[in-house]
Amino acid sequence: MATKIGEMAAEVSATNPWWRRRDWVATDTDLRQVSDRGLGYRSSCLDNLDPGNLYLLRGPRRVGKTVAVKQAIASLVESGVPPTAIIRVAADGWAAKDLRTLAQRAALPPVPPNHTRWWFIDEVSAVTGNWAQQIKWLRDNDPEFASATVVLTGSSARQLTAASGVLAGRRGTAPNTDRTLMPMGFATFARILDDSLPATHLPLSRLRSRDAAAAYTALLGWLAPLVRLWEQYLWYGGFPVSVAALRAGAPIPDSFVRDLFDVVYRDAFADSRLSSTTTTAMVGRLMRSMASPLNMANIAADIDLAPATVSRHVEYLRDAYLIWHCPQKDDSTWTPRERAQDKVYAIDPLIARLAHLRNRERSDIDTTILAEMQIGTAIHRAACAAGTPWTEDSFLFHARTATRKEIDFVAEPLAGVAIEGKYVSSGRWAGEAATVNASQWNGILTTRDVLDTGSDHDAWAVPAAFLAYLIDT
């Protein structure tokens, strides 16, 4: 055990260079790569950490959680927190008992007087064993750890949700202790690529207000660049590596496509026995069905698998934060309708297009479906920014009318507005509005480049790029 403890302390020392060097940011591999990309992108997901609380940072692999942790550490050091008070653990592959051993028995730099410890435990959901119980024990029984600020990052919704229950009462009193990092939203994406765009925002509850009509009209001067940026976003997505490639005028890197496939095949599907070819076929078939309620039996028949196998793998993808569910709304309440089929959307265009990007002979996802997906994801991300947990799949719904027509998105935070994705460039949009005009909701049809907010009762046409730019993060 002494050797194990010594090796553990040496590993942590090697990965905490701020203990030794003031210029560690300039030499850190992850942060240097971010600087080399030239995006100037820094997520706010770990801003405003209140000392003494325990935070969970969720998100898919390869989205930049480790970078966010290191950027938060750099900010803490700059703000005056003693570097030796901050410990980052790269916990991928550790055993749960190692966390307690590190906190209680390993040689660590002492915390300076009048300061408390800051713990950043990266990819804790990859720790084997019951790591949440070990963290709970330390919060209950170790005075230094109990008073510390703790940030746990992970990529498993199932594990992190279970951990929230185990750690109840031990996370502190600060608001917003659940944080989420997803691929960047369209507003951030657009401003990175065009810094002349105006900084403007609409809350979800005001999408058909007078202020909204004025905001849509004010963007007409940027219609052409925003439509161009939106369609680039539908192709490149919001993972920083892909955005950096676009900014450099390069294609999506093949190496990053391989990385994302490994996130699915070797991580999300780690307990699966599917081949890489069957995995690709299933992901491609699932993503092509995004605009419709999910029919497991049809997907299973198309790729020669059992429906239960497809269902299990859909949950694997959801657990890895790679897809999100959009249930059908109950007729009378803001709850999912029982025994109705959900729609399923990818969290980013690169996940939706993964099968095609791996093999160009496989069909790509239609632009209209990608636009619908990204509008829904923008609503989801805006609600998350306002305090709705990302894992809450029971606030954003699709709806079915009395005539069994479907409306893409309705939600209580939308304040009586329904959003339909109709990616058109002509007056045909008015005919597409018949379903929502006959419903109980005021409609917005997201078009390619048509703006019409003239009606008090019938649907408005709003370019998808305008709506996403105004509501997304």
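The values are calculated or read from the model by the stated rules, or taken from the named source; none is laboratory data. These figures come from a predicted structure and were not determined experimentally. FYI the Cβ positions are ideal-geometry reconstructions off the backbone, even for glycines, and counts take in every protein chain you see. Just the protein is used for accessible areas: all its heavy atoms, side chains included, with ligands, DNA and RNA removed. Shrake-Rupley method; radii C 1.70, N 1.55, O 1.52, S 1.80 Å.
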Problem - Selection count where residues are out of contact with any helix residue (DSSP H, G or I) (no Cβ under 6 Å at 6 or more places or on another chain) and either outside any helix (DSSP H, G or I) or free of Cβ contacts under 8 Å to residues at least 40 places away in the same chain (or both), scope the stretch 202-215 - result: 7
Exercise for the section: Kindly list the number of the only condition in (1) touching a Ser or Thr at 6+ places or on another chain (Cβ under 8 Å); (2) open to solvent by 60 Å² or more (accessible area, probe 1.4 Å); (3) under 30 Å from G52 (Cβ atoms) that fails for P175. Expected result: (1)
Practice task
Kindly indicate the residue of the stretch 89-111 that is under 23 Å from the mean Cα position of the chain (by Cα) and open to solvent by less than 20 Å² (accessible area, probe 1.4 Å) and also nearest to D28 (Cα to Cα) among those meeting that condition.
Solution key: V89
Handout entry: Members of the stretch 14-49 that are part of a loop (DSSP other than H, G, I, E, B) and open to solvent by less than 60 Å² (accessible area, probe 1.4 Å)
Key = T15, N16, D28, G38, L39, Y41, S43, C45, L46, D47, L49
Practice task
Take the residues in the stretch 270-286 that are open to solvent by 50 Å² or more (accessible area, probe 1.4 Å) and under 17 Å from S156 (Cα atoms), then tell me which one is farthest from the chain's Cα centre (by Cα).
Solution key: D271
Practice task
Look at A218 and say whether it is free of Cβ contacts under 8 Å to residues at least 40 places away in the same chain, within 30 Å of I471 (Cβ to Cβ) and in a helix (DSSP H, G or I).
Solution key: yes
Problem - Subset of the stretch 293-333 that is within 24 Å of P60 (Cα to Cα) and of a type in the set (S, T, Y) - its residue that is least open to solvent (accessible area, probe 1.4 Å) - result: Y321
Practice task
List the number of the failed condition for T153; all other conditions in (1) closer than 18 Å to D348 by Cβ; (2) assigned to a strand (DSSP E or B); (3) not charged (D, E, K, R) hold.
Solution key: (1)
Handout entry: Test set (1) within 30 Å of S439 (Cα to Cα); (2) out of contact with any strand residue (DSSP E or B) (no Cβ under 9 Å at 6 or more places or on another chain); (3) not aliphatic (A, V, I, L, M) - W324 fails condition number
Key = (2)
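Which one of these is under 29 Å from the mean Cα position of the chain (by Cα) and in contact (Cβ under 8 Å) with a residue 40 or more places away in the chain: A418, A411, A461?
Only one candidate passes the filter, namely A411.
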Completion exercise
A378 fails exactly one of (1) in contact (Cβ under 8 Å) with a residue 60 or more places away in the chain; (2) open to solvent by 10 Å² or more (accessible area, probe 1.4 Å), namely (2)
Practice task
Would you mention how many residues in the stretch 438-455 are closer than 14 Å to Y216 by Cβ, open to solvent by 30 Å² or more (accessible area, probe 1.4 Å) and polar (S, T, N, Q)?
Solution key: 2
Fill in the blank from the handout: When F397 is run through (1) outside any helix (DSSP H, G or I); (2) surrounded by fewer than 23 Cβ atoms within 10 Å (Cβ to Cβ), the failure sits at (2)
Problem - Positions within the stretch 76-114 being in contact with a Pro (Cβ under 7 Å, 6 or more places away or on another chain) and either modelled with pLDDT under 95 or part of a helix (DSSP H, G or I) (or both), in sequence order - result: V77, T84, A85, P112
Handout entry: Flag for T435 being buried (at least 17 other Cβ atoms within 10 Å of the Cβ) and over 28 Å from the mean Cα position of the chain (by Cα)
Key = yes
Practice task
With respect to M282, determine if the residue is without any contact (Cβ under 8 Å) to a residue 24 or more places away in the chain and out of contact with any strand residue (DSSP E or B) (no Cβ under 7 Å at 6 or more places or on another chain).
Solution key: no
Problem - In the stretch 71-84, the residues that are surrounded by fewer than 22 Cβ atoms within 10 Å (Cβ to Cβ) and either within 17 Å of S13 (Cα to Cα) or of a type in the set (D, E) (or both) - result: A74, V77, E78, P82, P83, T84
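Give me a count of the residues in the stretch 133-145 that are open to solvent by 10 Å² or more (accessible area, probe 1.4 Å) and either in contact (Cβ under 8 Å) with a residue 12 or more places away in the chain or touching a Phe, Trp or Tyr at 6+ places or on another chain (Cβ under 6 Å) (or both).
8
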Practice task
Scan (1) within 25 Å of R228 (Cα to Cα); (2) at pLDDT 95 or above; (3) within 25 Å of the chain's Cα centre (by Cα) for the single condition D195 breaks and write down its number.
Solution key: (2)
Exercise for the section: Inspect all residues belonging to the stretch 237-260 and state whether any of them is buried (at least 21 other Cβ atoms within 10 Å of the Cβ), of a type in the set (G, A, S) and outside any helix (DSSP H, G or I). Expected result: yes
Problem - Meets criteria (surrounded by fewer than 17 Cβ atoms within 10 Å (Cβ to Cβ), assigned to a helix (DSSP H, G or I) and out of contact with any helix residue (DSSP H, G or I) (no Cβ under 7 Å at 6 or more places or on another chain)) for D267 - result: no
